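Every number in this text was worked out from the coordinates using simple rules, so none of it is lab data. Model, not experiment: these values are computed from the prediction. Cβ placement follows ideal geometry from the backbone for every residue including glycine, while neighbour counts extend to all protein chains displayed.
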Amino acid sequence: MNRRGTLSERTHAGMVEALAGRRSALRSFLLFAGPAVIASIAYMDPGNFATNIQAGSKFGYRLLWVVALANLIAMLFQGLSAKLGIVTGKNLAEMCRERFKKPVVIAMWVVSEIAAMATDLAEFLGGAIGLSLLFGMPMLAGMAVTAVVTFAILGLERHGFRPMELVIGLLVGVIAVCYVAELFIAPIDWLDVGKSFVTPSIPSAEALAIAVGIIGATVMPHAIFLHSSLTQGRFVARDVVEKRALVRISNREVVIALALAGIVNAAMVMMASSAFHAGHSDVAEIETAYHTLTPLLGGAAAGIFLVSLIASGISSSVVGTMAGQVIMQGFVGFRIPVWVRRVVTMVPAFIVVGLGLDATRSLVLSQVVLSIALPVPMVALVLFTRDRRIMGDQANGRFTDGAAWLGAALVLTLNVVLILSTLGVEISLLG
């Protein structure tokens, strides 16, 4: 028997010492790091691969500003979600159940469940596609392997919060290293990259759809729900001073973790632009991207691409299942076994494969669904975190409140524009 306690217990003891000022700043930060790292996986899931490949191949670097904007919005809302959990001790879904009327709660739950299923579709398909291409196995076999590995990682929850955080953190590192390596292999026009980050441009209705898909793949409804839960059971603040300290540390972790996720997303677009835009702009599928990368940039680039896709699919599948459980438990007040939820959310992926539908196209459409569902948690989160009766002195200040409403309004506006464009209404676009 380990007299020092489990890894999670030792981490908790270290956090107590850190808040008492008996640990160095760096060691203290590493102890508290974890929730934002897990949430950041949602910003590097297979849906991001699909939308970023399309963005880069069809429009070069021109949609990089959308990636940057979406990442800033994500930082803000993940920070607010973490703060809600730290200050109230409750997650966003639980707060919705307590504060809103029953018909509203039911409607929010239904929309959030649809978003969770769209998320799981993207994650599960991504892992299966990567395994299928790397090892030559059938898609159904790839899906089975993804399911088994997902269950195995979820089993770590029996040992507390820390083992799960470390495993997900390792997978985040794999994805990040893979895309840093891709940038050294692909010839990047850095001057054009710099211009595209600061010059808004939506050249066509198709670019608009992809831009909304990028936002849907970057600012994720399930991640907003999940983050408030991850900060709940990890460390319970004993007083107002500890709550302030935890919020400060959480904000730093959110910025670092999501900045890394933003770099990975930008790298995906840059790689796709460099490899495909000139002469291969029709590359819109993950499978085609893999087969096209080999002759263009070599087998190493293609292999690295698949390794990152598999790491993304498996880790995000784990996180998606965790988020789905938080949403269901929070809104309706009961738990279901993880294996039941996993089986239910696997069904859409099996349907896509069984009907022979385009897997990458299904991934992109799932991100549009997420973007349309996104205002539900965004608006609820702003309403709660600006309320001093709920948050006390941690309620949003004027600047934060204004930025949050602006971000929510931007997402709502883009969704309306997308719907109108889909219905054939002529939309005036930025050139």
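Overview of values
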{"item": "Residue-span extension gain [residue 141 to residue 106] - 0.36 nm each, minus C-alpha spacing", "result": "9.0 nm"}
{"item": "Footprinting exposure proxy for 83, 90, 58 (fewest neighbouring C-beta atoms within 10 Å first)", "result": "90, 58, 83"}
{"item": "Residue order, fewest to most surrounding Cβ atoms within 10 angstrom, among 277, 227, 159", "result": "159, 277, 227"}
{"item": "Residue-span extension gain [residue 406 to residue 17] - 0.36 nm each, minus C-alpha spacing", "result": "136.1 nm"}
{"item": "Nearby lysines by direct alpha-carbon distance to residue 90 (threshold 27 angstrom, same-chain neighbours under 8 apart not counted)", "result": "101, 102, 243"}
{"item": "Nearby lysines by direct alpha-carbon distance to residue 58 (threshold 26 angstrom, same-chain neighbours under 8 apart not counted)", "result": "195"}
{"item": "Helix 375-385 axis, angle to the chain major axis (alpha carbon atoms, nearest 10°)", "result": "30 degrees"}
{"item": "For region 33-422: Kirkwood Rh in Å [reciprocal of mean 1/r, alpha carbons]", "result": "20.7 Å"}
{"item": "Per-residue Cβ neighbour rank within 10 angstrom, fewest leading, 29, 135, 49, 235", "result": "135, 29, 235, 49"}
{"item": "The chain, dipole about Cα centre (Lys/Arg Cβ +1, Asp/Glu Cβ -1), debye to the nearest 20", "result": "1820 debye"}
{"item": "Max mean-square fluctuation residue, GNM over the chain, Cα-Cα springs under 10 Å, options 18, 395, 93", "result": "18"}
